[in-house]
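Step one of this worksheet: look at the structure below.
The values are calculated or read from the model by the stated rules, or taken from the named source; none is laboratory data. On a predicted model such as this, the values are computed, not experimentally measured, just so you know. With ideal geometry, Cβ positions are generated from the backbone for all residues, glycine too; neighbour counts draw on all protein chains shown.
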Amino acid sequence: APAPPPARHLFSYPAEVEALRGNLLAWYDRCKRDLPWSLLAATEPDADRRGYAVWVSEIMLQQTQVATVIDYYNRWMQKWPTLQALAQASLEEVNELWAGLGYYSRGKRLQEAARKVVSELAGRMPRTAEDLQKLLPGVGQYTAGAIASISYGQATGVVDGNVIRVLCRLRCIGADSSSPAVIDQLWDMANVLVDRSRPGDFNQALMELGATVCVPKAPLCGECPVKQHCQAWRRKLFGNPPKVPDVEDCGVGDCPLCPPATEPWDSSLGVTNFPRKAAKKPPRAMRTATCVLERRGCHGAPEYLIVQRPSSGLLAGLWEFPSLPLAQDLQEEREREELADHLQAWMGRPVAAKGLRFIGEVIHIFSHIHQTYVVYSLPLDGDVTLDPALSPSRWVTEDEFHASAVSTAMKKV
Ligand code: SF4
């Protein structure tokens, strides 16, 4: 078994843990933001409804800022205030409400899981982190811990991006913070730290600290409620640890949680030396031709053709202008020809490549894809009979387009 990490990286002293909990919770009580899901979790007497509310908020908050989520969360809870209501919604309705929030599979999985709770668990949410993770599709270790601690008072920790940053700074953890060894260590630490009587508040406080004080680039250490427990802060104030380590310090060069010897402490970075991550893979470049087909509707207003994407994969089930992924380095003329052939399948009649008018390019960054949409338009005279054997498609006005389940990328197009 690997050697346990040196004591300086851990919270080994009960008195220090107690003091840290107290300081953090006192700060949270004074400074917390009034977020709708926290208010509901604190006041709602029905445990299933508390669990559902926290679950929805946690799924929405994955990779998304609080300020963006609030409006989506409020509309969602108004439309589907209970698991039972969500279980009866269609995927189309879910996608429409989710439009613009990104990572669309989240909404779909939330709805599938709600159906499972209603049909297989008699509408009762599992009450522990272990059961939540085991029984609910799309609920991972973090979300399970958040629901169980905030809604049901289970004394279990959580580790998300904010918590990783705070813990790595508190304990000067400079090994790759995305590596399984470090992540396991952080979970152990979060479980040791979590307050036994107010676990939900403690976890929210730790995340809130990371979101508002211990921020990535310019942390507000002077205002931090746990600075006296923070080794990165101490190191910034007092410089490098002594050359001769004492029993609590790391062994020379082989500590599993210290930065690699090739990347020593950089005093110009201060506490932002931590956390460290292995370099990210650059996003994959993709080009997609897309065509805005336009016709005059029955009242003379322009209408646009949108088609539905497949029910799995990127942007599953969302609507878009007819689009075609392109090979890289294709000549413009060839791009047009391929798009014209693709459109022909939708329209059931030949489309001349030279009739396509080039409008411009739109770049949209998905988490792992650098997507360039090459945008064309094609005004149509007369009606077009769409082939019902192809994916679902429909004509929409501009207002209908914006109310449909379309991605942010398509709105840019
Ligand atoms: Fe983060 Fe600074 Fe507080 Fe340490 S003292 S936890 S680095 S804000």
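Looking at Arg106, is it under 20 Å from Gln141 (Cα atoms) and part of a loop (DSSP other than H, G, I, E, B)? Taking the combined requirement at face value, the residue does not satisfy it. Apart from one condition, Gly174 fits all of (1) in contact with a strand residue (DSSP E or B) (Cβ under 6 Å, 6 or more places away or on another chain); (2) without any contact (Cβ under 8 Å) to a residue 40 or more places away in the chain; the exception is (2).
Of everything in region 303-333, what is over 30 Å from Glu96 (Cβ atoms) and surrounded by 13 or more Cβ atoms within 10 Å (Cβ to Cβ)? Give them in sequence order. Answer for region 303-333, where residues must be over 30 Å from Glu96 (Cβ atoms) and surrounded by 13 or more Cβ atoms within 10 Å (Cβ to Cβ): just Leu330.
Filtering region 275-312 to residues that are of a type in the set (A, V, I, L, M) and modelled with pLDDT of 90 or more leaves Ala285, Met286, Ala289, Val292, Leu293, Leu305, Ile306, Val307. Taken together, the criteria place Ser407 among residues that are surrounded by 19 or more Cβ atoms within 10 Å (Cβ to Cβ) and either farther than 11 Å from Thr290 by Cβ or of a type in the set (Phe, Trp, Tyr) (or both). Counting residues in region 272-293 that are over 30 Å from Lys227 (Cβ atoms) and more than 32 Å from the chain's Cα centre (by Cα) gives one or more.
Annotation note: Cβ proximity below 8 Å between a residue of region 225-240 that is under 16 Å from Asn273 (Cβ atoms) and in the same structural domain as Val213 (by the TED database) and a residue that is within 9 Å of the ligand (Cβ to nearest atom) and in a loop (DSSP other than H, G, I, E, B) (sequence gap 6+ or interchain) occurs for Cys230/Cys224; Ala232/Phe274; Trp233/Cys224. Scanning region 188-216 for residues that are surrounded by fewer than 19 Cβ atoms within 10 Å (Cβ to Cβ), over 18 Å from Thr64 (Cα atoms) and in contact with a helix residue (DSSP H, G or I) (Cβ under 8 Å, 6 or more places away or on another chain) yields Val192, Arg198. The combined condition, being in a loop (DSSP other than H, G, I, E, B) and surrounded by 11 or more Cβ atoms within 10 Å (Cβ to Cβ), is not fulfilled by Pro282.
Scanning region 130-174 for residues that are away from the ligand (no atom under 14 Å from the Cβ), at pLDDT 95 or above and among the β-branched types (Val, Ile, Thr) yields Thr143, Ile147, Ile150, Thr156, Val158, Val159.
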